[in-house]
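Just so it is clear, none of the values below were taken in a lab; they were calculated from the coordinates. The structure displayed is predicted, hence computed values, not measured ones. All Cβ positions, even for glycine, are placed from backbone atoms using ideal geometry, and neighbour counts span all protein chains on display.
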Amino acid sequence: MLYKKCISYLALVLVYFVCSILTASELDRASVSSNELTKFIWLEGSVGFVPDGDSFDLVLKNKTIIKIRLKGIDAPERGQNFSSESRSALLKKIRAESFRVRQEGVDTYGRVLGTLFIGKRNINQEMVREGFAWAYVFKGRQVAYGEDEKLAREKKRGLWKQKNVQAPWDFRKQNRK
């Protein structure tokens, strides 16, 4: 447990260090209000490796790689039904786009938790609304995007077209070694 905390702390320090080297002009290009800049740290870069529909590697201009976990969503795991479609949907959205990540913490694996924006579009929300991910559940409650998931289910979008849909947390639990 102490090891995970140390890794999380080191990841957070790295992110703050990398953010501190962003120039004022890079922050200006982020086109966020001054209130948002005081509340959040914004990261900009290009996409690197995309392992699944709720995480990716952010490559900063100085070539630093930061692992990002999209906050508030849970996409199918690798090896799970619909995982390749979910991964492809995220990749398609961010491959050739300019995007920003609003950092909102660090998870137990040292990944930055964040909300991904292209312009004013919330990509986390879009992934749920289009049926490529679930609204994240913590201690039995949806953290965010519950209405978007409900709409996707009703409209049978994305993974909700399938029969016998298995939530990622059930898939992980079933496949633990």
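Structure data summary
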read-out: Vicinal HN-Hα couplings computed from phi for segment 70-75 (Karplus, 6.51 cos²θ - 1.76 cosθ + 1.60; Hz; Gly/Pro x); value: 5, 6, x, 10, 9, 9
read-out: Amide proton proximity set for residue 113, modelled H, under 5 Å, gap of 5+; value: 69, 104, 105, 106, 107
read-out: Under the Karplus curve 6.51 cos²θ - 1.76 cosθ + 1.60, θ = phi - 60°, whole-Hz ³J(HN,Hα) for segment 108-122, x wherever Gly or Pro sits; value: 5, 9, x, 7, 6, 8, x, 10, 9, 10, 10, x, 9, 6, 8
read-out: Long-range amide H partners of residue 73 with built H, under 5 Å; value: 136
read-out: Point-to-point label distance, residue 63-residue 143, nm (Cα→Cβ direction, 7 Å offset); value: 3.3
read-out: Partners for residue 71 among aspartates and glutamates (Cα-Cα distance below 18 Å; same-chain residues under 8 apart left out); value: 36, 44, 52, 54, 57, 104, 107, 126, 130, 147, 148, 149
read-out: Gain in span if fully extended, residue 108 to residue 92, counting 0.36 nm per residue against the direct Cα distance; value: 3.0 nm
read-out: Of 67/150; 63/92; 92/120; 67/120; 63/93, those spanning more than 19 Å from alpha-carbon to alpha-carbon; value: 67/150; 63/92; 67/120; 63/93
read-out: Cα centroid separation, segment 99-177 to segment 57-85 (Å); value: 11
read-out: Placed amide H near residue 97: partners under 5 Å, 5+ positions off or other chain; value: none
